[in-house]
Amino acid sequence: MSGLDELYREVILDHYRNPRRRGTLSGDYIHAEGNNPSCGDEFFLDIEVSGDTITDAAMQGYGCSISQASGSMMMDKIVGMPMSDLRELIHNFKLMMSIEEGDSPVDEDRPGSVLGDLEALQGVRKFPVRIKCADLPWATLTDALDQVSG
Ligand code: ZN
């Protein structure tokens, strides 16, 4: 295993073992649920939105390390992000995973264009069945954001 693979594996395992923002919200929040039957993964997301920005978020998830680590990394990034940056982050993640096609202009000044720990998941592209695992939290987030705008 190359050094980079090892580093990536460590990042994924750390998020899997110590998921960020695990729990539920109380009060006024938006709830979305997703599941990936091909692997048995589940993801439950609560977000609190004020104006155009996610001000708080919590998740519960069950399933494989790829789905849960992807969700934990996502939770690390989304709080404090305005909708436009969130949509950009989702798009950039899907570009990296070859789920969507298009340009990915990386601009370090824009929070939606910096994937950070999420880059550890790019090795998953080699395993098409597992791409759905990595995408599950993001599909759930998209569902939650659609509830905000719709
Ligand atoms: Zn899975």
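Remarks
- For Ala32: the one exception among (1) buried (at least 18 other Cβ atoms within 10 Å of the Cβ); (2) among the small types (Gly, Ala, Ser); (3) closer than 16 Å to Gly123 by Cα: (3)
- Filter result (modelled with pLDDT under 95 and acidic (Asp, Glu)) within the range 38-52: Asp52
- Residue pairs meeting the criteria (Cβ under 7 Å; at least 6 apart or on separate chains; first more than 20 Å from Met75 (Cβ to Cβ), in the range 89-109; second among the charged types (D, E, K, R) and modelled with pLDDT of 85 or more): Ser98/Arg125; Glu100/Lys94
- Of all the criteria given as (1) away from the ligand (no atom under 16 Å from the Cβ); (2) in contact with a helix residue (DSSP H, G or I) (Cβ under 6 Å, 6 or more places away or on another chain); (3) farther than 21 Å from Arg110 by Cα, the one not satisfied by Asp52 is (3).
- The range 57-72: number of residues that are in contact (Cβ under 8 Å) with a residue 60 or more places away in the chain and assigned to a helix (DSSP H, G or I): 4
- Of all residues making up the range 132-149, the number that are more than 12 Å from the chain's Cα centre (by Cα) and among the β-branched types (Val, Ile, Thr): 1
- Look at (1) in contact with a helix residue (DSSP H, G or I) (Cβ under 7 Å, 6 or more places away or on another chain); (2) among the aromatic types (Phe, Trp, Tyr); (3) over 20 Å from Leu13 (Cβ atoms) and you find that Phe93 fails only one, number (3).
The values are calculated or read from the model by the stated rules, or taken from the named source; none is laboratory data. Computed from a prediction, not measured in an experiment: that's the story for all the values here. Cβ atoms come from the backbone with ideal geometry, glycine included; neighbour counts cover every protein chain shown.
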